[in-house]
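Visitor: Before I ask anything, let me first share the structure, which is written out below as structure tokens.
The values are calculated or read from the model by the stated rules, or taken from the named source; none is laboratory data. Fair warning: this is a prediction, and the values are worked out from it, not measured in the lab. FYI the Cβ positions are ideal-geometry reconstructions off the backbone, even for glycines, and counts take in every protein chain you see.
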Amino acid sequence: MPAMRLLRMVVLVSLALASMGEGEAKACSCLRQDFGGGKLYVGAGGSVPADAEGFAWTGGEKLTSAKGRVTVVRVDGKKKVPVKYTIVEKGPLEVIVPAAKFKPGQVYEVTVREGPQAAETRKNLDPGATNVPPPETTTTVTIAAGPLTLPQATLTASAPAQEKISVAHPASCSAEIEAATAALKVELPAEAEPLREYLVYETRVDGAVWNASSGLCNHVDPGRTWTGEAGTDKLFVACEQPDALKPGRHKVEVEVASPDRAKVITTPAVELELACAAAPPPAAEPSTPAPAPSEPQEPPPVAKKGCSVGDPGSFAWVLGVGLLFARRRRRAG
């Protein structure tokens with residue numbers, strides 16, 4: 001019968017779900033929708049070098065996903081002059097390239113609207129939601145007086161420290177662990193420091209790209225790290241974490257580049273010694289309470305009727321009376 005088959009299937013599925021291991025039941029799943037117009041890579045005060053190819057951008061959906069997502073105007077006094085452009089992919093970034101090259105002192109307004117998927121999903125959002133960015137973003141960009149000067153940069157590393165940190169974990173998305181850490185920071189020359197937020201960075205440890213995250217569902221923009229601040233990073237060693245660095249000595253360097261990769265440099269390498277986090281001290285075993293002192297034995301209790309248990313004199317007297325009574329009965333018989 002169909003109903004019986006359906007009931008049997010429901011029971012089997014329920015049993016299968018009930019038999020799942022804890023790790024399977026807690027598997028991490030990330031559902032993410034990027035709203036808003038993304039962001040442009042600009043320096044202090046919205047500045048971009050005069051020799052930049054264009055406006056570097058990152059966001060959820062590619063700019064080419066729909067026409068009309070980008071509007072560029074050049075501010076000329078009280079006038080706003082429309083600017084033609086093309087979009088060029090540069091690795092994980094996209095660059096909005098104006099038809100004419102930049103000139104020092106020019107001011108632009110770049111407006112980017114969210115992609116079609118985000119716009120469709122927005123229709124189903126709660127109207128009262130307050131943590132959703134607006135559907136478009138306008139950024140004012142000023143062209144700097146000169147080209148990007150990036151002769152060299154150095155890398156500094158903090159002394160290793162033991163601390164608790166949150167890291168990505170396949171079962172629970174994120175987990176807190178005890179680790180040995182070292183903080184990194186790129187030191188830029190004075191002339192390039194105002195463009196720290198414009199530049200992109202990539203940390204390499206022993207020649208391999210270092211990509212750490214505080215959670216599997218946490219998004220990190222291209223050219224940035226899990227620390228959130230441009231030109232910074234954090235290394236960690238934890239023996240129970242397979243994605244961590246192995247304990248020992250490591251060679252670390254950071255690549256620094258313009259978003260269009262027209263200029264790329266690498267810091268001189270620094271060497272770090274990182275060891276596993278110290279194991280926590282063993283828990284003290286609970287002390288065994290001292291045995292209670294034994295109480296002195298009291299004499300046997302005295303019965304309210306009859307003799308006292310264990311009193312040989314009284315027992316002999318009762319036995320004698322009993323024998324005498326038995327002898328008199330035989331004589332009487």
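Here's the yes/no breakdown for (1) under 15 Å from residue 182 (Cα atoms); (2) crowded, with 16+ Cβ neighbours inside 10 Å:
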| position | (1), (2) |
| --- | --- |
| 209 | no, no |
| 219 | no, no |
| 223 | no, yes |
| 227 | yes, yes |
| 230 | no, yes |
| 236 | yes, yes |
| 253 | yes, yes |
| 259 | no, yes |
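Visitor: Select from region 238-251 the residues that are surrounded by 15 or more Cβ atoms within 10 Å (Cβ to Cβ) and closer than 17 Å to residue 184 by Cβ and list them in ascending order.
Guide: Scanning region 238-251 gives 244, 245, 250.
Visitor: Right, residue 202: surrounded by 15 or more Cβ atoms within 10 Å (Cβ to Cβ) and among the acidic types (Asp, Glu) or not?
Guide: yes
Visitor: Hey, could you check region 152-200 for residues that are in a loop (DSSP other than H, G, I, E, B) and hydrophobic (A, V, I, L, M, F, W, C) and say which is modelled with the lowest pLDDT?
Guide: Step one: of region 152-200, the residues in a loop (DSSP other than H, G, I, E, B) are 152-153, 158-160, 170-172, 188-192, 196-199.
Next cut, hydrophobic (A, V, I, L, M, F, W, C) only: 153, 159, 171, 188, 190, 192, 199.
Values: 153: 97, 159: 94, 171: 74, 188: 97, 190: 94, 192: 95, 199: 98.
Checking each candidate, the answer is 171.
Visitor: To continue, here is another question. Residue 149 is checked against (1) out of contact with any helix residue (DSSP H, G or I) (no Cβ under 7 Å at 6 or more places or on another chain); (2) at pLDDT 95 or above; (3) part of a loop (DSSP other than H, G, I, E, B) and fails just one. What number does that condition carry?
Guide: The one condition residue 149 does not meet is (2).
Visitor: Among the residues of region 54-95, count how many are charged (D, E, K, R), under 15 Å from residue 115 (Cβ atoms) and surrounded by 12 or more Cβ atoms within 10 Å (Cβ to Cβ).
Guide: Number satisfying all stated conditions: 4.
Visitor: Write out, first by first residue and then by second, each pair whose Cβ atoms fall under 6 Å of each other, whose residues are 6+ apart or on separate chains, and whose first residue, in region 52-66, is in the same structural domain as residue 87 (by TED's automatic domain parsing) and among the β-branched types (Val, Ile, Thr) while the second is crowded, with 18+ Cβ neighbours inside 10 Å and assigned to a loop (DSSP other than H, G, I, E, B).
Guide: Qualifying pairs under 6 Å: 58/38.
Visitor: Pairs needed: first member in region 177-193, within 30 Å of residue 244 (Cα to Cα); second member anywhere, among the basic types (Lys, Arg); C-beta distance under 8 Å; at least 6 residues apart or different chains.
Guide: Every condition considered, the pairs that remain are 177/164; 178/164; 179/164; 181/234; 182/234; 183/234; 184/234; 188/196.
Visitor: Before we move on, is residue 118 surrounded by 15 or more Cβ atoms within 10 Å (Cβ to Cβ), small (Gly, Ala, Ser) and on the phi < 0 side of the Ramachandran plot? Show your work before the answer.
Guide: Numbers: surrounded by 15 or more Cβ atoms within 10 Å (Cβ to Cβ): yes; small (Gly, Ala, Ser): yes; on the phi < 0 side of the Ramachandran plot: yes.
Yes, satisfied.
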